[in-house]
Structures are given as structure tokens and as C-alpha cells.
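This report refers to the structure that appears directly beneath it.
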Amino acid sequence: MIEYITPEKVKSLIANLSHLVFEVTDACNLRCKYCAYGEFYDDYDERNNRYLPIEKAIKLINYLYSQWTSYRNTASKNNILISFYGGEPLLNFRFIQKIVNYVTSNIKDSRLDFSFAMTTNGLLLDKYVDFLYEKQFHLLISLDGDITNNSYRVDTKGCNSFERIVHNINLIKKKYPSYFSEFVNFNAVIHNMNSVESIYDFFTKTYGKIPRIGELNTVGIRKDKIE
């Protein structure tokens, strides 16, 4: 049986939305060699160091609020996750701060329970860790393992980012140990400079964490970069 998409079905899905993701910027302070927006690929949207306007995001949240509290929302309790992604989202920290404060101060309904998450490369965590702790952000930090494993995660000058990121991770672990244990996790990309075993060993022995492990993107590779 074919199930057709109708306007009412779309409205119902919006009213029951449980995960809202903002791409807060397409700017990044790293130049990871294998990035899907990097030198190996040619099928991505051009990166222009743009920042998502706060006003447009608030307009969207207000609309969603009207739907979350409408008759179309069939749940007695909604756990809604708002995530921030990039680029590197902390380059647009003002946006994140404004949106979180707006939601926690203005979106009031006993049926709605909000939580926040972020995927980050970790370079700016030392500047904003207090806010992230205060708001109990779920953090997914991108790191490929030890300093050798991390060889492709380089900055704009081509330098390995490992030591700076680990410094910030250790800062969080020392300052907020319970928060680190419960809310911080890691994402690693597997490539020819690491292995599942080396990634697993690094994170379990160093931080007591089992990371997510993803593969390289195989879509849109430039023909001269396939090898």
C-alpha cells in the first residue's frame, strides 16, 4: 500500500519533532585532510564562513513552539534535543548562547523538556566550558586517537591539533569530573594512520570512554584523489 505525503501528515511530523539541529556556521578553525568539505572532494556546497542569523533561528523556534503545543502533538511529554553543528559551532558561540538562553527563558510548557548537544573539534572548549557545564551540554568531541592517529586533523597552518585539544579535554575532566563522565564522548574517523584497536585503546585507557568510530566519506571524491 502506498502511503502518500499530505499537508496534515507533514504538520503532524513537525509537531512531534524531537531533535532540532542548527548548522550555526560553515566556518572552521581546522583543515582536516579528510574533511568532506576539503581537498579530496568536489561535490560540496562552497564554504563562505557564514554565520546563521539569531533572528531566523528564534523565528523557527517560535513556530515550532506553536506546533509542539498544538493538538497535533500526540505525546504527553516531549524530550526535545537542540543540537549545534558546523563547521566549528563554537566559532559562533554568541548564537549558541542566545538560543539556549532564549529557549530556557521563554519556552515554558510542562510538556516540553529541552536538552542541548554539540559536535565540536575541541579547540575552543577552554573558553566556553563553564557555559557548557552550566547548561549540561552533551558534547561529542572529534579526535582520532593519539597524536599519530590524529595526524590528519590539522589547523590552518598544517599543524597537528592533538595537544591543544587534549589540553582542553583534560581541563574539563579536572574541573568538572562528574560532567565529563556523564556528558562528554568522542567521535573518531578511521583511516590509514590509525585502527579500531588503537582508537579503542587510547580512549578506554586515557578517558575510560568507548568512542564512536566512523568511516571516511566515499561520496563525491575527486577523480585525481581516489587513490
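The values are calculated or read from the model by the stated rules, or taken from the named source; none is laboratory data. Quantities reported herein were computed from a predicted structural model and do not represent experimental measurements. Using ideal geometry, Cβ is built from the backbone for each residue, glycine included, and neighbour counts are taken over all protein chains shown. Note: accessible area is taken over every heavy atom of the protein model, side chains too, but ligands, DNA and RNA are not part of it. Shrake-Rupley method; radii C 1.70, N 1.55, O 1.52, S 1.80 Å.
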**Request:** Can you tell me which of 127-134, 220-227, 208-215 comes out highest on packing, and rank the rest after it, using the mean Cβ neighbours within 10 Å?
**Result:** 127-134, 208-215, 220-227
**Message:** Could you identify which residue out of TYR44, TYR65, TYR102 has the top mean-square fluctuation in a GNM of the chain using Cα springs shorter than 10 Å?
**Reply:** TYR44
**Item:** Net charge over other residues, Cβ less than 14 angstrom from the Cβ of LYS225 (K, R count +1; D, E count -1)
**Value:** -2
**Prompt:** Once the dipole of the range 100-227 is set up with Lys and Arg at +1 and Asp and Glu at -1 on Cβ about the Cα centre, which of GLY122, PHE202, ILE213 lies farthest towards its positive end?
**Reply:** GLY122
**Request:** Lys and Arg at +1, Asp and Glu at -1: add these up for the other residues within a Cβ distance under 14 Å of ASP45 and post the number.
**Result:** -3
**Message:** Can you show me the helix-derived [θ] at 222 nm for the chain, built from DSSP H runs with n ≥ 4 at -39,500 (n - 2.57) apiece and divided by the number of residues, rounded to the nearest 500.
**Reply:** -11000 deg cm²/dmol
**Share of carbon and sulfur in the accessible heavy-atom surface of the chain [1.4 Å probe, %]** = 52
**Request:** With mean projected area of the Cα convex hull in nm² defined as stated, name the option among [x] 15.9; [y] 14.4; [z] 10.5 computed from the structure displayed.
**Result:** [x]
**Fill in**
Computed from the beta carbon distance with a Förster radius of 41 Å, FRET efficiency for LYS157 and THR6 to the nearest 0.05 stands at 0.15
**Request:** Pick out, in residue order, every one of the trypsin sites (Lys or Arg not before Pro) in the range 1-108 that is DSSP loop and has at most 16 other C-beta atoms within 10 Å; say none if there are none.
**Result:** LYS33, ARG47, ARG50, ARG72, LYS77, LYS108
**Fill in**
Here, ALA27 and ASP45, labelled 7 Å along Cα→Cβ, have an inter-label distance in nm of 1.7
**Fill in**
Computed over the chain, protein heavy atoms only, probe 1.4 angstrom, the accessible area per residue in square angstrom equals 57
